[in-house]
Amino acid sequence: MKRRPGIGGLQTAAAARNQYRILGENVAKIRTDLMKEQLATFRSQLEDFARKHKNDIRKNPTFRSQFHEMCAKVGVDPLASNKGFWAEMLGIGDFYYELGVQIVEICLATRPHNGGLINLQELCSLLGQKRKTAREAVSEDDCLRAISKLKVLGSGFEVISVGKKKLVRSVPTELNKDHNEILEVAQGQGYVTLEEVQRRLSWSAGRATDALETLLKASSCKSIGLFFFLFSSTEGLAMIDDGHSDGKRRYWFPCISSISSYVGS
Amino acid sequence: MGCTWCEISQLESLELYFSIHYNIDRQLRSNFTFHHCFDQIPQMSTRWLPAAQLTASGRPVFILGEVESSLLSGVDIEPDDQYPNLSPLKSGILILTTHRLIWISDSSSAFAIPLSAVTHIFSPKKSIKAMFASPRIRIQVLVSPQNGCLDEKGSKSMVITIVVRGKTDPEAFLGKLWEAWRGRAWETLKEESSSSTSTDEGSSRSGIRTRSAVVGVAGILRKEQEMWESTDKSLQDAFQDLNALMDKAKEMVMLAEKMRQKLLSGPSTQGTGTNDEEIGSKQEMQDWMLSVGIASPVTKESAGALYHQQLSRQLADFVKIPLEKAGGMISLIDIYCVFNRARGTELISPEDLLQACSIWEKIDVPVMLRKFDSGVMVIQNKSYSDEEVLARINALVLKPDSLRSGISASDAAMALGIAPAMAKEHLLTAESKGLLCRDISPDGFRFYVNLFGEILTEDIYLVKDYGTYGTWISAVLASR
């Protein structure tokens, strides 16, 4: 590349730089593509091995820890048992335990978005994505069986039926911080409506309904007309008021001691 | 401050040394630090083996790359007769790893015999006496000449006898000991770090020599090409079969790490349809999993009869980090998932987990299992105990606002930062302990501080100078 003086020289230099840049970008693109290909090969090989040689890997502790490290770094899930006849019939073998671990993992990952309440169908499809390389798909029934095996660890996981849909709740009431957020919204006026909760906290309808219903729970409170009533069942923190003209149900929280909404001392 | 080799305080030890050998002014003595085993003063020393670190729950702290292989209980370690001043270690747990033999006593002190100091393992004596006595394993180790303390660079050697009194299979253990010793895992680590640097230099030097003719852009491209080809080839070779993978395991781990770094720094994902947020959180969880993965999970094969106890200890160690992240309380099912993930393919069943948690009551660990009436089970820190929460409720209920109008479950929930259902439980507990009184009204359920303890039945209007009765009265009066 000869350096020419003057404007011509500058233009040549600029053109040359441009060409180098394009070349660099191409090389980078090829490099990324190649790397992705190699990564995909690596992953599929690891998954194959995890499935075929599971027992052998477990026998050798040093190799096992190295294999796990490889899987973790590359993003491969080493839990890859197949269901097998006996597992399905008698519920033995690792398959349902592995499924259990994967289910709880998905619930943990989606908890920030749905507050611990997930549709069973959605759960199954996410599970299917995770287990792409497994030979059979996982049915909803499998999910339910796996969840039932977790029962011995307490009632943290619950499957509730809402109409035809089934929902899995992974956060027990004692640990559910959603309720705190509703209470904070309620501090403004002493009551909340379903739309307000959805709007202010950006929740789905299902999540909001579930949280409000839980706050009402065990209190048989249906108001007659206006909101004061004297059922002294004291479990629930909220009361329903259906008497308003606009027809929307309001949830009152008398326990919120904010001075502005403290009615009738 | 004391000598690490025996428990005599430093000043005492200096005095011992100097009183026997020299007369040195007291002031000068403080400038000397040494340990006095180097002289011939005969003392009963229990510290002839290097100490091993233990976690808070009594599990050994493993060094990088160290993997547990087997565990025996009821083990004594006896030194050679030629060093009568070394006292034997009695009745502990012996853990064999790829790098060391770790002995843990019940009183939570631990020592380790690095396998690099072992020069010979004797085959077991076959005699009639040996059949009836507890099985013994004898190994020869290097010691320093003066005092018999274990020293990898020592010049003399000593025979250590490992007496196995527990109900375990010494033959299998001996086999694993041979394997670990022959594996020389500690050496390969050093070899690798030195060889990797030397091969880098070598290849770059040879590269310069043979390819000095090719420079510039073409040279760079060709080098890239060759790098990809060699990675391809080693991938192919490694995954031919399981043995090949085992041989090339270390190389593959490094390759995986390189790929991961490039993946993280490079442009993101393959553009699937699902949320970006979900993928982001998945990545974060993956990274977190990597950092807390358990390299040596306790399994039935490695721990035998002590499986549940060791599992319970490993769980107690593991659970600390998730507990902190979750704010002091975490559901048992969440821990089941996270713990199993860290263990990789060595899953434990839910029943095992429950049993491990119930053993915590018997051993001294900083965590506990708690069952709620609703059936929910959680793990919480012992320090996040009821007493602390009660103290906080007490402080909350003595505030002027609360003295006037009491607190409800939701107030407590927001003040303590916990869910309302939990807050209600705590308030009910406080009431049952006599700290609070309830007030049921159309406004709901409220709690006030319990003043009945301070009111005398004879004179119910008497207000003592100290105590909360007076504070309450002043607070209520102030609101009118």
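What follows is calculated from the coordinates using simple rules that are stated; it is not laboratory data. Remember, predicted model here, so these are calculated numbers, not experimental data. FYI the Cβ positions are ideal-geometry reconstructions off the backbone, even for glycines, and counts take in every protein chain you see.
Please report, in whole Å³, the volume per residue of the convex hull around the C-alpha atoms of region B:68-185.
On the way: hull volume 12.5 nm³, N = 118.
Dividing the Cα hull volume of region B:68-185 by its residue count gives 106 Å³.
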Taking Rh as the Kirkwood radius computed over alpha-carbon pairs of region B:298-449 and applying Stokes-Einstein at 10 °C with viscosity 1.306 mPa s, one gets a diffusion coefficient in µm² s⁻¹ of 92 µm²/s
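Which three numbers, in whole Å and largest first, are the semi-axes of the equivalent ellipsoid of region A:7-90 derived from its Cα gyration tensor as √(5λ)? Before the final figure, lay out the partial values.
Values: eigenvalues 513, 39, 11 Å².
The answer is 51, 14, 7 Å, longest axis first.
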Calc'd 3J(HN,Hα), region B:306-319, phi into Karplus 6.51 cos²θ - 1.76 cosθ + 1.60 (θ = phi - 60°), Hz, glycine/Pro = x, comes to 8, 3, 5, 5, 5, 4, 4, 5, 5, 5, 4, 5, 5, 6
Report the Cα-based extents of region B:309-381 along its three principal axes, largest first, to the nearest Å. 33, 25, 22
Working from the pairwise distances between different alpha carbons, so that the mean of 1/r is found and then inverted, what is region B:386-478's Kirkwood radius in Å? 13.7 Å
Would you mind computing, in nm to one decimal, how far apart the modelled labels at residue A:36 and residue A:160 are, each placed 7 Å from Cα along Cα→Cβ? 4.2 nm
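Restricting to DSSP loop positions (anything but H, G, I, E, B) with no more than 13 other Cβ atoms inside 10 Å of their own Cβ, which chymotrypsin sites (Phe, Trp or Tyr not before Pro) remain in region B:67-158?
Answer in residue order: B:122.
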Apply the Karplus curve 6.51 cos²θ - 1.76 cosθ + 1.60, θ = phi - 60°, to the phi angles in region B:152-166 and return the couplings in whole Hz, x for Gly and Pro. 5, 9, x, 9, 9, 10, 9, 9, 9, 9, 9, 9, 9, 9, x
For residue B:101, what residues show an amide H to amide H distance below 5 Å, using hydrogens built from the backbone and excluding near sequence neighbours? B:113, B:115
Given Cα positions, please report Rg to Rh for region A:95-200, the hydrodynamic radius being the Kirkwood one. 1.05
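From the alpha carbon gyration tensor of region B:397-441, can you work out the equivalent ellipsoid semi-axes (sqrt of 5 times each eigenvalue) and give them in Å, largest to smallest?
Values: eigenvalues 47, 37, 18 Å².
Calculated on Cα positions only, the semi-axes equal 15, 14, 9 Å.
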